[in-house]
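Coordinate-derived values only; no laboratory data. If you're wondering where the values come from, they're calculated on a predicted model, not measured in any experiment. Virtual Cβ from ideal backbone geometry, glycine too; neighbours counted across all protein chains shown.
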Amino acid sequence: MQHNKNNEIFKQAVGEVFRDIRKNADLSLNKFALEYDLDKSNMSKTERGIINIYLITAWKIVEAHGLKFSEFAKMLEDKLGENFTFIDE
């Protein structure tokens, strides 16, 4: 089923974008989690594409890096590619 495969691809891409943003800011996972009151274990799982992330947490992470959520969404779209979709046609 394509839907389940795309869920995994999406989670992986979200994690990769968050990891790229954090590393570009030269922050360790531990320092970032402590500084912004985030659970280090969940951040690690999110960056590895293991768990889904709440939208409010994603927004908080993006804001913590001084970005707009629309910038994050664009990075995610770029990572996923223009042909990515959750909807089976």
Within a 10 angstrom radius of the beta carbon, how do SER44, SER28 rank from fewest other beta carbons to most? SER28, SER44
Where a Cα-Cα gap under 14 Å defines reach, which aspartates and glutamates qualify for LYS23, not counting those fewer than 8 residues away within the same chain? GLU47
Would you indicate which of (1) 24, 14, 10; (2) 18, 15, 12; (3) 28, 24, 12 is the value of semi-axes √(5λ) of the Cα gyration tensor in Å derived from the coordinates of this structure? (1)
If you plug each phi of the range 20-27 into the Karplus form 6.51 cos²θ - 1.76 cosθ + 1.60 with θ = phi - 60°, what whole-Hz ³J(HN,Hα) values come out, in order, with x for Gly and Pro? 4, 4, 5, 5, 5, 8, 6, 10
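List the GluC sites (Glu not before Pro) within the range 1-50 that fall in a DSSP loop (any state other than H, G, I, E or B) and whose Cβ has at most 15 other Cβ atoms within 10 Å. If you can, show how the numbers build up before the last one.
On the way: sites: GLU8, GLU16, GLU35, GLU47; in loops: none.
Answer in residue order: no site qualifies.
Using DSSP to call loops (not H, G, I, E or B), can you name the chymotrypsin sites (Phe, Trp or Tyr not before Pro) in the range 26-89 whose Cβ has at most 11 other Cβ atoms within 10 angstrom? Let's see the in-between values first.
On the way: sites: PHE32, TYR36, TYR54, TRP59, PHE69, PHE72, PHE84, PHE86; in loops: TYR36, TYR54, PHE84, PHE86.
For chymotrypsin sites (Phe, Trp or Tyr not before Pro) across the range 26-89 that sit outside H, G, I, E and B with at most 11 neighbouring Cβ atoms in 10 Å, the list reads TYR54, PHE86.
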Using +1 at the C-beta of Lys and Arg and -1 at the C-beta of Asp and Glu, which of ALA33, ASN83, VAL17 has the Cα lying farthest in the positive direction of the dipole of the chain? ALA33
